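Below you'll find the structure, written out as structure tokens, and then a few comments.
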Amino acid sequence: MPKGSPELTASRRNEIVNACEKLYKTMSFKDITLKEISVETRFSRPSIYNYFQTKEEIFLALMQREYELWAAEVNALSSENETMTGEVFAAALAHSLEKREQLLKLLAMNHYDMEEHSRPERLTEFKVAYGASLDAVRGCIDKFFPHINRERFIYVFFPFLFGVYPYSAASEKQLTAMREAKMQFKLHSIYEMIYQCVIQILGGSI
């Protein structure tokens with residue numbers, strides 16, 4: 001680990017993660033390399049190894065940050081509201097994820113490989129952020145819908161998130177293939193899918 005204050009180290013790590021995020025908006029995971037990331041930063045490829053050992057660690061850090069930002073917003077729903085109806089909660093949760101398209105895109109990717117190619121300490125940091133997002137949603141369910149089976153909500157909602165992005169975005173190549181296959185296919189908004197999912201899980205309890 002290079003010398004420097006924790007703040008400086010965090011700043012440099014954040015710059016690398018920002019570069020990865022920028023590239024991921026126009027490139028695929030497999031096409032992004034440490035060399036490509038270094039071009040977007042002030043660091044050489046060898047310098048990046050001082051902060052991340054693999055490309056997968058950088059992507060895992062990006063997903064960790066997305067979970068942290070989302071958890072903070074979901075926690076705010078619980079702390080800033082005394083009550084919420086099912087419709088209002090579903091809309092708020094849908095809006096919170098609508099702003100986290102990058103997280104949903106990462107979830108649609110095989111992040112098992114990201115975890116397998118990251119050091120244990122980096123994986124633990126990620127799991128802390130992921131766990132915080134679970135707890136943030138649990139807190140909302142406990143407060144607003146105490147009669148709901150909280151864990152049932154969690155085990156339906158979180159796996160559902162893995163499939164949201166592919167139904168909200170498609171490349172021209174994918175669209176062409178679906179047209180040629182004569183598929184009846186409609187892209188849906190992230191908001192619409194999340195909202196309907198939450199309403200369905202809550203069922204008649206709204």
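Data overview
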item: Per-residue Cβ neighbour rank within 10 angstrom, fewest leading, Leu134, Leu202; result: Leu134, Leu202
item: Taking all pairs of distinct alpha-carbon atoms in segment 1-52, Kirkwood radius in angstrom; result: 11.3 Å
item: Coil-residue GluC sites (Glu not before Pro) of segment 59-88, DSSP, other Cβ within 10 Å capped at 12; result: Glu82
item: Candidates Phe185, Phe52, Phe43: whichever shows maximal mean-square fluctuation once the chain is modelled as a Gaussian network with Cα springs under 10 Å; result: Phe185
item: Which listed pairs, of Lys25/Lys99; Lys127/Lys173; Lys55/Lys105; Lys22/Lys99; Lys99/Lys127; Lys22/Lys105, have C-alpha distances above 23 Å, in listed order; result: Lys127/Lys173
item: Ascending count of other beta-carbon atoms within 10 Å, so fewest first, for Lys127, Lys25, Lys186; result: Lys186, Lys25, Lys127
item: Whole-number D in µm²/s for the chain (Stokes-Einstein; Kirkwood sum over Cα pairs; 25 °C, 0.890 mPa s); result: 131 µm²/s
item: Candidates Ile32, Ile58, Ile16: whichever shows maximal mean-square fluctuation once the chain is modelled as a Gaussian network with Cα springs under 10 Å; result: Ile32
item: Between segment 53-93 and segment 16-31, the alpha-carbon center distance in angstrom; result: 21 Å
item: Residue order, fewest to most beta carbons within 10 Å, for His188, His111; result: His188, His111
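Only the coordinates and a few stated rules stand behind these numbers; no lab work does. Fair warning: this is a prediction, and the values are worked out from it, not measured in the lab. A quick note on method: Cβ atoms are made from the backbone with ideal geometry, for glycine too, and the neighbour counts reach across all protein chains shown.
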